[in-house]
Amino acid sequence: MTAIVLAMLVILAVVAGTAGVVVVGIEGRFKDRAPRVADRMARAAQHLNGDGTPPKAFQRLLS
């Protein structure tokens with residue numbers, strides 16, 4: 001029973017995170033209220049779409 005509840009909480013967290021990226025990052029809603037969060041969500045949305053450039057620290061790690 002505990003495993004089911006824990007799994008459902010994890011699933012709900014993933015859904016809420018995805019909805020946040022879509023609403024704030026891709027659509028640009030609430031950008032006037034929280035511009036820093038909207039910019040970070042937009043970057044995350046670009047990376048999820050495959051359009052973003054990898055950070056320099058990640059590139060150095062792969063080199």
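The values are calculated or read from the model by the stated rules, or taken from the named source; none is laboratory data. All values derive from a computational prediction rather than experimental measurement. We place every Cβ from the backbone using ideal geometry, glycine too, and count neighbours over all the protein chains shown. Keep in mind that these areas ignore ligands, DNA and RNA; they rest on the heavy atoms of the full protein, side chains included. Shrake-Rupley method; radii C 1.70, N 1.55, O 1.52, S 1.80 Å.
Kindly provide the set of residues from the range 48-63 that are loosely packed, with under 14 Cβ neighbours inside 10 Å and either within 11 Å of the chain's Cα centre (by Cα) or not charged (D, E, K, R) (or both), ordered by number.
ASN49, GLY50, GLY52, THR53, PRO54, PRO55, ALA57, PHE58, GLN59, LEU61, LEU62, SER63
Somewhere in the range 27-36, is a residue open to solvent by 50 Å² or more (accessible area, probe 1.4 Å) and aliphatic (A, V, I, L, M)?
No, the range 27-36 contains no residue that is open to solvent by 50 Å² or more (accessible area, probe 1.4 Å) and aliphatic (A, V, I, L, M).
Considering only the range 1-26, state which residues are of a type in the set (Ser, Thr, Tyr) and either surrounded by 12 or more Cβ atoms within 10 Å (Cβ to Cβ) or under 18 Å from GLY52 (Cα atoms) (or both). Steps first, answer last, please.
First, pick out the residues of the range 1-26 that are of a type in the set (Ser, Thr, Tyr): 2, 18.
Hit for the range 1-26 is THR18, nothing else.
Applying the selection to the range 26-47, what residues are at pLDDT below 80 and assigned to a helix (DSSP H, G or I)?
ILE26
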